[in-house]
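Read-outs: derived from the displayed coordinates by stated rules, not from any lab. Just so we're clear, the structure is a prediction, and the values are computed from it rather than from any experiment. Note that we place each Cβ from the backbone using ideal geometry, even for glycine, and neighbour counts take in every protein chain shown.
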């Protein structure tokens, strides 16, 4: 959870002329630090290759909760001892967010997605670990991996032979779920077609929109 990366790129009138992925690690002062050459190559390999190791859900959740609690405690201690280094507005936002989480109701998310099962584990599973999330309704062509809090809604298998018709059925599902389940957020992964589906559904049913 302390590993991250910085994406650096150069633009010109012709588009992106050069880019670089810079692996970093978040230090105890919650600032990014560059890695030495060996660690850099190791993390670059993880970023550019299939490194996801599937473990059983209980072990993953226990480990994730343990890391999150440990790092949150470190963050509280760091802010308490270094508050004078931060602008008041930043400290206010942290405090406001903490209070809001105390009073927040459980949230429902409606998600339109077309990513492979492997990417579902990357993008959807971490969201389910949030205590505020009650249910994630996923609209996609086929049911994906079994994930706690996730429910799949799919068009009939035969309709997939006619992509335009399957897309229309997914749109109907999105509208139906948005009206019936009243999700707090509608999210679409990738612009077309699922980002467009999420956008139109959100506009028609007046829900908050997000896009990846």
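Of the residues 81, 17, 201, the one that moves most in a GNM of the chain with alpha-carbon contacts below 10 Å is 17.
Could you work out the relative contact order of the chain? I mean the mean sequence separation of Cα pairs under 8 Å and 6+ apart, divided by the number of residues, in percent. If you can, show how the numbers build up before the last one.
Working: 254 pairs, mean separation 27.6, N = 212.
Relative contact order for the chain comes out at 13 percent.
Could you check which residue among 94, 16, 185 shows the biggest mean-square fluctuation in a GNM of the chain with a 10 Å Cα cutoff? Of the options given, 16 has the highest mean-square fluctuation. Taking Cα atoms only, the orientation of helix 163-181 departs from the longest principal axis of the chain by about 70 degrees.
By definition, a body whose alpha carbon gyration tensor gives a ≥ b ≥ c is oblate when a/c is 1.5 or more and a/b is not larger than b/c, and segment 107-211 fits this oblate description.
What FRET efficiency would be calculated for the residue pair residue 82, residue 118, taking the C-beta separation as r and a Förster radius of 41 Å, to the nearest 0.05? Show your work: numbers first, answer last.
Details: r = 39 Å, r/R0 = 0.96.
Step by step, r from the Cβ atoms, then E = 0.55.
Relative to the longest principal axis of the Cα atoms of the chain, the long axis of helix 37-48 makes an angle of roughly 10 degrees.
The label-point distance for residue 210 and residue 35, in a model that sets each label 7 Å from Cα toward Cβ, rounds to 2.7 nm.
How long is the gain from residue 75 to residue 184 if the chain were fully straight, where each residue apart is worth 0.36 nm and the alpha carbon distance is subtracted?
Values: separation 109, 0.36 × 109 = 39.24 nm, distance 2.84 nm.
This chain segment gains 36.4 nm when fully extended.
Could you work out the Kirkwood radius for the chain, taking every pair of different alpha carbons, averaging 1/r and inverting it, reported in Å? Walk me through the intermediate numbers first.
Details: mean 1/r = 0.0494 Å⁻¹.
When all Cα pairs of the chain are included, the Kirkwood radius is 20.3 Å.
Modelled this way, with points 7 Å down the Cα-to-C-beta line, the labels at residue 199 and residue 12 are 3.0 nm from one another. In the Gaussian network model of the chain, springs joining C-alpha atoms below 10 Å, which of 165, 11, 106 carries the largest mean-square fluctuation? The residue with the greatest mean-square fluctuation here is 11.
Calculate, for residue 90 and residue 143, the FRET efficiency according to 1/(1 + (r/R0)^6) with r their C-beta to C-beta distance and R0 35 Å; round to the nearest 0.05.
Details: r = 42 Å, r/R0 = 1.21.
Taking R0 as 35 Å, the efficiency between residue 90 and residue 143 is 0.25.
Across segment 3-48, C-alpha contacts under 8 Å between residues 6 or more apart give a mean separation that, scaled by the residue count, equals a relative contact order of 29 percent.
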